[in-house]
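Note sheet for the following structure.
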Amino acid sequence: MKISFIGGGNMATALIAGLAGTVTQASSIHVVDPNADALERLRTEYGVTTAPEIGAAVAASDVIVLAVKPQQMRDVALRLQSQLEARPLVLSIAAGIRGTDLSRWLGGYGAIVRTMPNTPALIGQGITGMVAMAGVSAAQKEAADSILRAVGKTVWLDSEDAIDPVTAVSGSGPAYVFFFLEAMQQAALEMGLSKEQGRELAIATFTGAAQLAAQSGEPVEVLRQRVTSKGGTTHAAIVSLEAAGVKQAIVEAMKAAAARGRELGEELGRDG
């Protein structure tokens, strides 16, 4: 499978690291990016081919992965219009860019899979929400799945409307975890533990609890209740969190993220 990446940033690098030598040979991966340093790093570390501009290697690809910033997507898509004669799968990992808009910028091209990965893909622990446009074949859908499974799990969606909620839950989700970890570490420091102790305790606790939830099969509510003895230390903490409205604040924050995703799609999709 010949795969071209337009953009060689962090997420593209994570995908290349997972793909090279597994899903396809490194020599079958091509990266286009104007940043010469990024291209040199990718050539040296993974053995891929590179170029500063879109050219013949992209036109010969089975899959073209669009890994540029959302604001750059329209210009990139317009330049790609003349490179689609081989009918490749176009796979977008950009936030906010709707499939209908991308198709329009590509001259009505329909073999598009829109995805929303997240940053744990950098260590092979990501999860990606995916939706296939009408022009995607069964083989192309499988190819898209194999590419994203190289860096974690995949969840296929029935409708593109579900991408914004996925963005709110998993795309933006790592930031919520880091935010909570920040608070745990701050509390540890204020209560007399060292910075190093607070970091180790907080991260290990979060990691362990997440793994317990993943392996248990029981609702997280039940797992929480088992740790929360009435009148105990955990109960005091939960009562304080509930009094502060933390759970509802998290729900509202995630709804705000989904709403912003929809707004971005509308803003970036306006091109006259």
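Computed from the coordinates by the stated procedures, all read-outs in this text should not be read as laboratory data. If you're wondering where the values come from, they're calculated on a predicted model, not measured in any experiment. Positions of Cβ are generated from backbone atoms using ideal geometry, with glycine treated the same way; all protein chains shown enter the neighbour counts.
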Quickly rank 179-191, 116-128, 77-89 as a protection proxy: mean count of other C-beta atoms within 10 Å, highest first. 116-128, 77-89, 179-191
Tell me what the chain gives for mean residue ellipticity at 222 nm when only DSSP H runs of n ≥ 4 count, each as -39,500 (n - 2.57), the sum divided by the residue total, rounded to 500 deg cm²/dmol. -15500 deg cm²/dmol
Relative to 2.2 N^0.38 Å, what does the C-alpha radius of gyration of region 16-130 come to as a ratio? Two decimals please. 1.05
May I ask you to derive the relative contact order of the chain, considering only C-alpha pairs under 8 Å and at least 6 residues apart, and to give it as an integer percent? 15 percent
Convex hull projection area averaged over all views, region 161-233, Cα basis, nm²: 6.5 nm²
Mind pulling the angle between the C-alpha long axis of helix 195-216 and the longest principal axis of the chain? Nearest 10 degrees, somewhere in 0 to 90. 80 degrees
Relative pair counts by distance (%), Cα atoms of region 192-272, 5 Å bins: 3, 11, 10, 15, 20, 15, 9, 7, 5, 3, 2, 1, 0
Rounded to whole Å, give me the distance from the Cα center of region 111-180 to that of region 50-80. 20 Å
How high is the relative contact order of region 1-83, in percent, counting Cα pairs under 8 Å that sit 6 or more residues apart? 38 percent
For the chain, take the longest principal axis of its alpha carbons; what is the angle in degrees between that and the long axis of helix 138-149, to the nearest 10 within 0 to 90? 50 degrees
Once you charge only the Cβ atoms, +1 for Lys and Arg and -1 for Asp and Glu, what is the size of the charge dipole of region 188-272 about its Cα centre, to the nearest 20 debye? 240 debye
State whether region 1-73 is rounded, prolate or oblate according to the following rule on the C-alpha gyration tensor (a ≥ b ≥ c being the square roots of its eigenvalues): a/c under 1.5 gives rounded; otherwise a/b larger than b/c gives prolate, and the remaining case gives oblate. rounded
If you count, for each residue, the other Cβ atoms within 10 Å and average over each peptide, how do 257-266, 197-206 line up from highest to lowest? 257-266, 197-206
Let a ≥ b ≥ c be the square roots of the eigenvalues of the Cα gyration tensor of the chain; is it rounded (a/c under 1.5), or, if not, prolate (a/b larger than b/c) or oblate? prolate
May I ask for the angle, rounded to the nearest 10°, between helix 10-19 and the longest principal axis of the chain, with both axes built from Cα atoms and the value confined to 0 to 90°? 80 degrees
What does the net charge come to around N35 if you take all other residues with beta carbon closer than 15 Å to its beta carbon, with K and R at +1 and D and E at -1? -2
What residue among T154, T233, T167 shows peak mean-square fluctuation when the chain is described by a Gaussian network model with Cα springs under 10 Å? T233
Rounded Å value of the spacing that divides the Cα centres of region 240-272 and region 85-106: 25 Å
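For region 69-167, which chymotrypsin sites (Phe, Trp or Tyr not before Pro) are in a loop by DSSP, counting at most 12 other Cβ atoms within 10 Å?
Sparse-neighbourhood loop chymotrypsin sites (Phe, Trp or Tyr not before Pro): none present.
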Taking r as the C-beta separation of R43 and K230 and R0 as 35 Å, the FRET efficiency to the nearest 0.05 is 0.05
